[in-house]
Amino acid sequence: MKGMTIIVKNVTALLSGLIFLYGCYIVLHGHLTPGGGFAGGIIIAGSFILLVIANGIQYFRLNKEKEESSLFEGAGIFCFLLLATGGLFLAVPVFFKNLLPGGTPGELLSAGIIPVYNIFIGIEVAAALLSIFLAFVIFKTED
Amino acid sequence: MNELISNILIGIGLAFSFFGCLGLIRLPDIYNRLQSATKCVTLGACCILLSLVIRYGFNDIGIKALIAIPILFFTSTSGAHALLKGSHISGFKMWEKSVTDHYSDDTLGKEEETTEKT
Amino acid sequence: MRAINVLIYFLICFATWLLLTHNLGWQNLVAGSVISLLTTLVFSRYFNFDVTKMINPVRWFWMIIYIIYFIWQCVKANFDVAYRVLHPAMPIKPGIVRVNLTLQGSLARTILANSITMTPGTIAVDIIDDILYVHWIYVRYLDHDRYAYRISGKFERILKKIFE
Amino acid sequence: MMEWIDFSFWFLIALTALCLLRVILGPTVADRVVAIDIMGIIVVGICVLLAIRTGRSFLIDIGIAWIILSFIGTLTMAKYLERRKLNE
């Protein structure tokens, strides 16, 4: 039997979705509470790592998804740089210029462009950590 | 009144955590240590979370603590289960005064077969 | 069956989001529905439990009874452990015993094993086919029927009413 | 009232010191892993006590994140103790 016992498998199947949701919560509320893109990205990657640890790698054929996650990583860092330099081209010459208007404090859309930066940092960190983990796992089988 | 109840719950939580850590120090082998520590410390943390719910009521902070209770329960119990199985497979001896061990009676032969195949 | 599972998963995610943020503004609702949709798209394929049975309110009644009984057992377990730790002679007699399960269904077995981990003196080691191995801190009897009733008898009876 | 919470805070920190004693003394690897697992749950209690003391809700966020990451670490160590590779 592959993987760990049925108890651990069921608990991870129940909890991994909630962990993903929690990571998204930390990413989106990065400008209101501590946390932000990096911490939330690590938790998002943790939800996938938990599934791989509990079920084994044959459970969802991750060989293909490794390419996808490195693609996500590249796209995330590219959008981050694009946003950072976009302000440079559009408005006064300031790196990381806050383009968008601010809202009322305490709401979700109240910090201009900072939540967008947080989302892209989150995608980038999650994809990078996941691809590092999968690189360890997959290269261990090929030797 | 609410503050009194929550203070009492904090006291119960502290006492249970203390018993768990004392068991972690005193008991003889890894399996018994895992028993006492997991049960007592998990219930202690749950008591402290409940005291927060009682003190602040069902606003944002209380409901967040209420969400944390089932997550803590499921993760700590299944983590203890996985650790126990792992340390048994890894071959740490049970205490010498242990009575029975049906698990190694049943699985020892099978383990050898599978290792021979691979 | 499959569509109902996905719908229930979406509702669970959305409710968790609302409880976590505790805010009913329109921005929060839109963000919550988008995130819940994303979570459902990625993770609902791992949520393949039979949840259509759980719509029956009788099962919810038994679940409340189960939770109350479980909390009582849990408190008893902690006093039991405290007694064994604080006693100067440490009255323990550990051993691993096997218990035959009559309960079917993987989710019910998971909840049973997690409950056994929190009840007096027992912790689940492994499930192989229909046998649950349990580490017991004080082995009172070696007769199978008696200790099986003591370890998992009442839990199994209530869980059968919930899940079957 | 606040003195009681301060006292319980320092008490839990003393309990983590007890767990550290088991980490130092522990004869086998599994003892050390168990002690660190228990220490994670006690740290959650410390976070909640700080949340009671200050009335801020983000400290419970830190507690939940700690539970999740400690669960991942425990499963990984259990897999190491089972002498399996990470991918099966």
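Just so you know, all these numbers are worked out from the coordinates, no wet-lab data involved. All of these numbers come straight from a predicted model, not from anything done at the bench. Note that each Cβ is placed from the backbone with ideal geometry, even for glycine, and that neighbours are counted across all protein chains shown.
Just a few scattered comments:
- Residue exposure proxy: B:Lys97, C:Lys160, ordered by other Cβ atoms within 10 angstrom of their Cβ from fewest to most, comes out as B:Lys97, C:Lys160.
- Using the rule -39500 (n - 2.57) for each DSSP H run of four or more residues, divided by the residues of chain C, the 222 nm mean residue ellipticity is -19500 deg cm²/dmol.
- Neighbour counts of other Cβ atoms within 10 Å put D:Met77, C:Met54 in the fewest-to-most order C:Met54, D:Met77.
- Three-way shape call for the protein assembly as shown based on the alpha-carbon gyration tensor, with the a/c threshold at 1.5: prolate
- R0 of 25 Å, Cβ-Cβ distance C:Leu19-B:Ile5: FRET efficiency to nearest 0.05: 0.60
- Listed residues B:Ile8, B:Tyr31, B:His102: farthest to the positive end of the dipole of segment B:2-117 (Cβ charges): B:Ile8
- Membrane-span-like helices of chain C, defined as complete DSSP H segments with a Cα extent of 27 Å or more along the helix axis and a mean Kyte hydropathy of at least 0.0, are identified as C:2-21, C:57-86.
- Lys, Arg +1 and Asp, Glu -1 on Cβ, resulting dipole of segment D:2-81 about Cα centre, debye, nearest 20: 160 debye
- Working ranking of peptides B:42-51, C:9-18, A:8-17 by packing, defined as the average number of other Cβ atoms within 10 Å per residue, highest first, is B:42-51, A:8-17, C:9-18.
- Looking at segment C:1-156 alone, DSSP beta bridges between its own residues are antiparallel in about 90 percent of cases.
- Counts of other chain beta carbons within 10 angstrom of each beta carbon in peptide A:121-127 average 0.
- Theoretical FRET efficiency, 1/(1+(r/R0)^6), r = Cβ-Cβ of C:Met54 and C:Val30, R0 41 Å, to 0.05: 0.90
- In plain terms, if you count all Cα to Cα distances in segment C:2-48 and split them into 5 Å steps from zero, the share in each step is 4, 25, 31, 20, 12, 6, 1 percent.
- Per-residue shielding of D:28-36, expressed as the average number of other chain Cβ atoms within 10 Å of the residue Cβ, stands at 6.
- Our helix-only sum for chain B, with -39,500 (n - 2.57) per DSSP H run of n ≥ 4 divided by its residues, gives a mean residue ellipticity at 222 nm of -29500 deg cm²/dmol.
- Overall form of chain C per C-alpha gyration tensor (a/c, 1.5; a/b vs b/c): prolate
- Tail fraction, Cα-Cα pairs, segment C:66-160, threshold 20 Å, whole percent: 34 percent
- Dipole magnitude for chain B: computed about the Cα centre from +1 point charges on Lys and Arg Cβ and -1 point charges on Asp and Glu Cβ, it is near 480 debye.
- Rough spin-label spacing in nm, given labels placed 7 Å along Cα→Cβ, for A:Ala135 and C:Ile4: 4.7 nm
- For peptide B:52-65, the mean count of partner chain Cβ atoms within 10 Å of a residue's Cβ comes to 4.
- Relative counts (whole %) of C-alpha pair distances in segment D:2-81, using bins that are 10 Å wide: 18, 42, 30, 10, 1
- Per-residue Cβ neighbour rank within 10 angstrom, fewest leading, B:Asp29, C:Asp145, B:Asp60, B:Asp101: C:Asp145, B:Asp60, B:Asp101, B:Asp29
- Beta bridges by DSSP in the protein assembly as shown, antiparallel share as percent, to the nearest 5: 85 percent
- C:Arg157-D:Tyr80 pseudo-label distance in nm [points 7 Å out on the Cα-to-Cβ vector]: 4.5 nm
- Of B:Lys85/C:Lys160; C:Lys53/D:Lys79; C:Lys93/C:Lys160; B:Lys85/D:Lys85; B:Lys97/C:Lys76, those spanning more than 23 Å from alpha-carbon to alpha-carbon: B:Lys85/C:Lys160; C:Lys53/D:Lys79; C:Lys93/C:Lys160; B:Lys97/C:Lys76
- Charge context of C:Thr16, other residues only, Cβ under 15 angstrom, K/R +1, D/E -1: -1
- Computed magnitude of the charge dipole of the protein assembly as shown (debye, nearest 20; Cβ of K, R +1, Cβ of D, E -1): 760 debye
- Distance between modelled label sites at C:His144 and B:Ala15, nm, 7 Å Cα→Cβ extension: 4.1 nm
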